[in-house]
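Q: This structure is in structure tokens; I'll ask about it shortly.
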Amino acid sequence: QVQLVESGGGLVQAGGSLRLSCAASGLTFGTYTMGWFRQAPGKEREFVAAIRWGDSTTDYADSVRGRITISRDNDKNTVYLQMNSLKPEDTAVYYCAAAFKTMILRVSIAYMYWGQGTQVTVSS
């Protein structure tokens with residue numbers, strides 16, 4: 001049974017930092033592209049960042065590029081999202097997702113497994 005468990009969310013002031021983690025189990029982690037998506041109240045889920053299986057190519061939404069870094073540790077079956085210079089508009093539930101051997105990074109329907117999400121709240 002595949003499980004993705006996010007952690008690291010919380011309340012932070014604008015300009016602060018958080019590091020989200022997503023621990024995966026029940027899958028061969030190194031063969032999965034891992035992505036982070038977020039959903040703010042009243043809005044659709046949107047792509048944040050992804051890191052491809054194999055070559056670890058990364059991609060970022062324009063709204064977070066330069067402030068957020070995605071990384072993975074295949075030995076620990078974990079993907080991370082380092083978020084710096086946070087803004088109130090980054091407030092959302094952040095979801096980790098896994099897609100088997102996909103080259104597609106930004107499209108949510110490419111991801112077959114999802115975590116339960118972790119809340120990030122940025123106060124102004």
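The values are calculated or read from the model by the stated rules, or taken from the named source; none is laboratory data. Keep in mind that what you see is a predicted model, and the values were worked out from it rather than measured. Cβ atoms come from the backbone with ideal geometry, glycine included; neighbour counts cover every protein chain shown. In case anyone asks, the SASA skips ligands and DNA or RNA and just uses the protein heavy atoms, side chains included. Shrake-Rupley method; radii C 1.70, N 1.55, O 1.52, S 1.80 Å.
Q: Which GluC sites (Glu not before Pro) in the range 1-100 pass both tests, a DSSP loop state and at most 10 other beta-carbon atoms within 10 Å? Working shown, then result.
A: Details: sites: Glu6, Glu44, Glu46, Glu89; in loops: Glu44.
Here the GluC sites (Glu not before Pro) that fit, given the DSSP loop and packing criteria, are Glu44.
Q: From Cα pairs below 8 angstrom and at least 6 apart in sequence, can you work out the relative contact order of the chain, rounded to a whole percent?
A: 36 percent
Q: List the aspartates and glutamates whose alpha-carbon lies under 16 Å from that of Lys101, not counting same-chain residues fewer than 8 positions away?
A: Partners within reach: Asp55, Asp59.
Q: If you roll a 1.4 Å probe over the range 12-124 with all protein chains in place, what percent of the accessible area is carbon or sulfur?
A: C and S atoms contribute 47 percent here.
Q: Output wanted: per-residue J couplings in Hz (rounded whole) for the range 77-92, from phi through Karplus 6.51 cos²θ - 1.76 cosθ + 1.60, θ = phi - 60°, x for Gly and Pro.
A: Going residue by residue, I get 6, 9, 10, 10, 9, 8, 10, 10, 6, 5, 10, x, 6, 7, 4, 4 Hz, with x marking Gly and Pro.
Q: Taking 4 °C and 1.567 mPa s as the conditions, I'd like the Stokes-Einstein D for the range 31-116 in µm²/s, using the Kirkwood hydrodynamic radius from alpha carbon pairs.
A: Approximately 100 µm²/s, per Stokes-Einstein.
Q: Give, in nm to one decimal, the length gained when the segment between Ala14 and Ser124 is fully stretched (0.36 nm per residue of separation minus the Cα-Cα distance).
A: Gain on stretching Ala14 to Ser124: 39.1 nm.
Q: A further question follows. Which residue fluctuates most in the GNM of the chain (Cα springs below 10 Å): Leu81, Leu11, Leu20?
A: Among Leu81, Leu11, Leu20, the largest GNM mean-square fluctuation belongs to Leu11.
Q: Under 17 Å between alpha carbons, and skipping anything fewer than 8 positions from Lys87 in its own chain: which aspartates and glutamates qualify?
A: Glu46, Asp62
Q: Accessible area per residue for the range 22-62 in Å², computed with a 1.4 Å probe and the full protein assembly in place, what is it?
A: About 44 Å² of surface per residue is accessible.
Q: Hey, another quick one. Determine which aspartates and glutamates satisfy two conditions relative to Lys43: a Cα distance under 16 Å, and not lying fewer than 8 residues away in the same chain.
A: Output for Lys43: Glu89, Asp90.
Q: Sticking with this one: For the chain, give the magnitude of the charge dipole about the Cα centre (Cβ charges: +1 Lys/Arg, -1 Asp/Glu; no others), in debye to the nearest 20.
A: So the magnitude is around 20 debye.
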